[in-house]
Amino acid sequence: SSSKLLIKGGTVLNAHNQEVADVYVEDGIIVAVRPNIKQVDEDVTLLDATGKYVMPGGIDPHTHLAMEFMGTETIDDFFSGQAAALAGGTTMHIDFVIPVGGSLVAGFEAYKKKAKKSCMNYGFHMAITKWDESVSREMEIMVKEKGINSFKFFMAYKGSLMISDELLLQGFKRCKSLGALAMVHAENGDAVFEGQNRMIDLGITGPEGHALSRPPVLEGEATARAIRLAKFVNTPLYVVHVMSIDAMEEISKARKSGQKVVGEPVVSGLVLNDSGLWNPDFITAAKYVMSPPIREAGHDKALQAALSTGVLQLVGTDHCTFNSTQKAFGIDDFRKIPNGVNGIEERMHLVWDTMVESGQISVTDFVRITSTECARIFNIYPRKGAILVGSDADIIIFNPNSSFEISARTHHSRTDTNVYDGRKGKGKVEVTIVGGRVAWQDDELKVAPGSGKYIEMPPFNYLFDGIDKADAKYLSSLQAPVKRFSAS
Ligand code: DUC
Ligand code: ZN
Ligand code: ZN
Ligand code: ZN
């Protein structure tokens, strides 16, 4: 069997540079990157990349495969979702484990089981949806034994996933002590509840009520609150699915002040806006329902600009698909429409077209925001996110002169709709390589369920550098007599 691969003549892209070079792979690892590598053995698979880019496979930091949610389960599981990912040039994703019966360990085991049918690299974040001693203890098990270095807290979904500020603080403190990254879904869940009641009282029960019930100000408020609480605890913070100017500006302000805050826009927020979206045809509109919602025109362009200037650092998808039958659960009440849109297959193409083709970012920036930065934040760089000697051979061959076209009829997700249906653009992923093997080529999946690999992520990423020092400085400042109240 061939475990040797030679990619000839392409322009190799990394976040830090670009060069015309060949890439030679053995047993899943990149062993040489330089011009004019000679094909030595007979059993080397040869790929011609002349005139094309050779870059690290995409890493999607935010997906939900096989997730039980809002009374149903996402239609894409770890095989169909990953097949779609591979078709779109993504070689790794990080999914959110939901605890089972309040247990993180049980949730982890359940997700490992779901992921047995994987055919690419995957890692996990863990959602924290309640707080007690056992959750706190299990967080340590996750970090020290299970390869999870990030925990997501929901400030929305009142009555199910949402947790209070008190518990958020406990969670942030625990993350900090474990060297794990705290993540937040930032919307004010109490206010969303109020907003939903308002819509129902007004008789607005259609999909547009979803967006109207949770406006940008609620995302801005929760983002600001999470940022300030993270500052109080002095721990890094990762804000998932930044969908509004309101949230983005809070992140911008915090980063300017030196706070360690990461902002993740998702493809839907970057390329969609809600003009013409709330079509009178229920399904046509319901497919766009996600949380936070797709915003009015203006937020999309502002998020693109923030991504191009580094205010936001990496792009996810929140891929969370439900088919028309599932979306129809909310036909009489938008509150029952399962939240979520597709994107795992479309992310690389749409980001290239929207950000690179439009001239907003360079080709090396593209690598950074779709792969390298994610690997750095989740502490698996340079194993992932780079074409370097010693890195895992997760590689795509991208033809900038070809073109893509998105259609629900031809996409590889199991869902029957696509929020990007009909979109066309420049650039096309032609070959996707995972662990040194061609996983997707000529519109054909070449890997079988079960060939995927769980990627463990170690704690204490670069964002934790200097935190001890800042804490020590704070503590010593409290010792200064001038700060103390004196009775004398
Ligand atoms: N938002 C969604 O749209 N789906 C999954 C969970 C979430 O926060
Ligand atoms: Zn969320
Ligand atoms: Zn999500
Ligand atoms: Zn196909």
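Pairs needed: first member in the range 83-110, on the phi > 0 side of the Ramachandran plot; second member anywhere, assigned to a strand (DSSP E or B) and of a type in the set (S, T, Y); C-beta distance under 7 Å; at least 6 residues apart or different chains.
G89/T432
Working only within the range 29-43, note down all residues that are β-branched (V, I, T) and at pLDDT 95 or above. It would help to see each step written out before you state the result.
Keep residues of the range 29-43 that are β-branched (V, I, T), which gives 29-31, 33, 37, 40.
Once the filter is applied, which keeps residues that are β-branched (V, I, T) and at pLDDT 95 or above, the range 29-43 yields I29, I30, V31, V33, I37.
Do any helices (runs of 4 or more DSSP H) lying entirely in the range 149-219 carry at least 3 residues that are over 27 Å from F334 (Cβ atoms), and which ones are they?
On the way: elements: 165-178, 189-201, 207-213.
So the answer is 165-178.
When you check A247 against the structure, is it more than 16 Å from ligand 2 (Cβ to nearest atom) and either in a helix (DSSP H, G or I) or open to solvent by 10 Å² or more (accessible area, probe 1.4 Å) (or both), yes or no? Please lay out each step first, then the result.
Values: more than 16 Å from ligand 2 (Cβ to nearest atom): no; either in a helix (DSSP H, G or I) or open to solvent by 10 Å² or more (accessible area, probe 1.4 Å) (or both): yes.
Answer is no for this residue.
Looking only at the range 408-427, filter to residues that are open to solvent by 60 Å² or more (accessible area, probe 1.4 Å) and either touching a residue at least 40 places away in the same chain (Cβ under 8 Å) or at positive phi (or both); which one of those is farthest from ligand 4 (Cβ to nearest atom)?
First pass over the range 408-427, keeping only residues open to solvent by 60 Å² or more (accessible area, probe 1.4 Å): 409-410, 412, 414, 416, 421, 423-424, 426.
Those left that are additionally either touching a residue at least 40 places away in the same chain (Cβ under 8 Å) or at positive phi (or both): 412, 414, 416, 423, 426.
Numbers: H412: 6, R414: 13, D416: 15, R423: 16, K426: 20 Å.
Step by step, filter the range 408-427, then rank; the result is K426.
With respect to A127, is the statement that it is touching a residue at least 12 places away in the same chain (Cβ under 8 Å) and assigned to a helix (DSSP H, G or I) true?
Numbers: touching a residue at least 12 places away in the same chain (Cβ under 8 Å): yes; assigned to a helix (DSSP H, G or I): no.
For A127, the condition - touching a residue at least 12 places away in the same chain (Cβ under 8 Å) and assigned to a helix (DSSP H, G or I) - is not met.
From D246, D281, D274, D300, which residue is on the phi < 0 side of the Ramachandran plot and either at pLDDT below 95 or in contact with a strand residue (DSSP E or B) (Cβ under 9 Å, 6 or more places away or on another chain) (or both)? First the steps, then the outcome.
Working: D246 fails: either at pLDDT below 95 or in contact with a strand residue (DSSP E or B) (Cβ under 9 Å, 6 or more places away or on another chain) (or both); D274 fails: either at pLDDT below 95 or in contact with a strand residue (DSSP E or B) (Cβ under 9 Å, 6 or more places away or on another chain) (or both); D300 fails: either at pLDDT below 95 or in contact with a strand residue (DSSP E or B) (Cβ under 9 Å, 6 or more places away or on another chain) (or both).
After ruling out the rest, the residue left standing is D281.
Note down all Cβ pairs under 8 Å where the first residue falls in the range 150-161 and is within 29 Å of Y462 (Cα to Cα) and touching a residue at least 12 places away in the same chain (Cβ under 8 Å), the second is among the aromatic types (F, W, Y) and in a loop (DSSP other than H, G, I, E, B), and they're at least six residues apart or on different chains.
Taking only residues 6 or more apart or on different chains, the pairs are S150/F378.
Look through M155, M126 and report the one residue that is buried (at least 24 other Cβ atoms within 10 Å of the Cβ), more than 26 Å from G452 (Cα to Cα) and within 16 Å of ligand 3 (Cβ to nearest atom).
Values: M126 fails: more than 26 Å from G452 (Cα to Cα).
Checking each option against the conditions leaves just M155.
Say we look at the range 44-63 and pick out the residues that are under 23 Å from F151 (Cα atoms) and either touching a helix residue (DSSP H, G or I) at 6+ places or on another chain (Cβ under 9 Å) or at pLDDT below 95 (or both); which of these is farthest from ligand 2 (Cβ to nearest atom)?
The first filter runs over the range 44-63 and keeps only residues under 23 Å from F151 (Cα atoms), leaving 58-63.
Adding the requirement that they be either touching a helix residue (DSSP H, G or I) at 6+ places or on another chain (Cβ under 9 Å) or at pLDDT below 95 (or both) leaves 58-61, 63.
Numbers: G58: 20, I59: 18, D60: 14, P61: 12, T63: 11 Å.
My answer is G58.
So, in the range 332-362, of the ones that are more than 25 Å from A83 (Cα to Cα), among the charged types (D, E, K, R) and open to solvent by 30 Å² or more (accessible area, probe 1.4 Å), which residue ends up farthest from ligand 1 (Cβ to nearest atom)?
Looking at residues that are more than 25 Å from A83 (Cα to Cα), among the charged types (D, E, K, R) and open to solvent by 30 Å² or more (accessible area, probe 1.4 Å), I get E357.
Does S164 satisfy the criteria of being open to solvent by 30 Å² or more (accessible area, probe 1.4 Å), away from ligand 4 (no atom under 16 Å from the Cβ), under 22 Å from K260 (Cβ atoms) and without any contact (Cβ under 8 Å) to a residue 24 or more places away in the chain?
Working: open to solvent by 30 Å² or more (accessible area, probe 1.4 Å): yes; away from ligand 4 (no atom under 16 Å from the Cβ): yes; under 22 Å from K260 (Cβ atoms): no; without any contact (Cβ under 8 Å) to a residue 24 or more places away in the chain: yes.
Taking the combined requirement at face value, the residue does not satisfy it.
Residue under question is D365, and the condition is that it be modelled with pLDDT of 95 or more, over 16 Å from G89 (Cα atoms), open to solvent by 20 Å² or more (accessible area, probe 1.4 Å) and of a type outside the set (S, T, Y); does it hold?
Details: modelled with pLDDT of 95 or more: yes; over 16 Å from G89 (Cα atoms): yes; open to solvent by 20 Å² or more (accessible area, probe 1.4 Å): yes; of a type outside the set (S, T, Y): yes.
The answer is yes for D365.
Out of (1) under 20 Å from V367 (Cβ atoms); (2) open to solvent by 10 Å² or more (accessible area, probe 1.4 Å); (3) within 16 Å of ligand 1 (Cβ to nearest atom), the odd one out for P35 is which?
Only one criterion is unmet by P35, namely (3).
Are there any helices (runs of 4 or more DSSP H) wholly within the range 256-365 with 2 or more residues that are within 16 Å of ligand 3 (Cβ to nearest atom) and of a type outside the set (K, R), and if so which?
Values: elements: 267-271, 282-286, 299-308, 324-327, 347-351.
Of the helices (runs of 4 or more DSSP H) lying wholly inside the range 256-365, those with at least 2 residues that are within 16 Å of ligand 3 (Cβ to nearest atom) and of a type outside the set (K, R) span 267-271.
Can you work out which of the residues in the range 45-68 that are surrounded by fewer than 17 Cβ atoms within 10 Å (Cβ to Cβ) and in a strand (DSSP E or B) is farthest from ligand 4 (Cβ to nearest atom)? Explain how you work it out, then say what you get.
Within the range 45-68, the first condition is being surrounded by fewer than 17 Cβ atoms within 10 Å (Cβ to Cβ), and the residues that meet it are 45-46, 48, 50-51, 68.
After this cut, where a residue has to be in a strand (DSSP E or B) as well, the list is 45-46, 48, 68.
Working: T45: 22, L46: 24, D48: 22, E68: 28 Å.
In this case the residue turns out to be E68.
Provide a single number: the residues in the range 164-178 that are more than 12 Å from A230 (Cα to Cα) and within 21 Å of the chain's Cα centre (by Cα). Let's see the steps before the verdict.
Start the filter on the range 164-178 by keeping residues that are more than 12 Å from A230 (Cα to Cα), which leaves 164, 166-167, 177-178.
Pick out the ones that are also within 21 Å of the chain's Cα centre (by Cα) and you get none.
Number satisfying all stated conditions: 0.
Could you tell me whether any residue of the range 82-89 is away from ligand 3 (no atom under 15 Å from the Cβ), part of a strand (DSSP E or B), modelled with pLDDT of 95 or more and of a type in the set (A, V, I, L, M)? Please lay out each step first, then the result.
If we filter the range 82-89 for residues that are away from ligand 3 (no atom under 15 Å from the Cβ), which is where we start, we get 82-89.
Subsequent filtering for residues that are part of a strand (DSSP E or B) retains none.
Checked the range 82-89: no residue is away from ligand 3 (no atom under 15 Å from the Cβ), part of a strand (DSSP E or B), modelled with pLDDT of 95 or more and of a type in the set (A, V, I, L, M).
Yes or no: I331 in contact (Cβ under 8 Å) with a residue 40 or more places away in the chain and away from ligand 4 (no atom under 16 Å from the Cβ)? Steps first, answer last, please.
Details: in contact (Cβ under 8 Å) with a residue 40 or more places away in the chain: yes; away from ligand 4 (no atom under 16 Å from the Cβ): yes.
When the stated conditions are applied, I331 passes them.
List the number of the failed condition for G310; all other conditions in (1) surrounded by fewer than 24 Cβ atoms within 10 Å (Cβ to Cβ); (2) in contact (Cβ under 8 Å) with a residue 12 or more places away in the chain; (3) within 21 Å of D60 (Cβ to Cβ) hold.
(2)
The values are calculated or read from the model by the stated rules, or taken from the named source; none is laboratory data. Because the structure is a prediction, the values reported are computed rather than measured. Heads up, the Cβs are rebuilt from the backbone with ideal geometry, glycines too, and the neighbour counts pull from every protein chain shown. Surface accessibility is based on the protein's heavy atoms, side chains included, excluding ligands, DNA and RNA. Shrake-Rupley method; radii C 1.70, N 1.55, O 1.52, S 1.80 Å.
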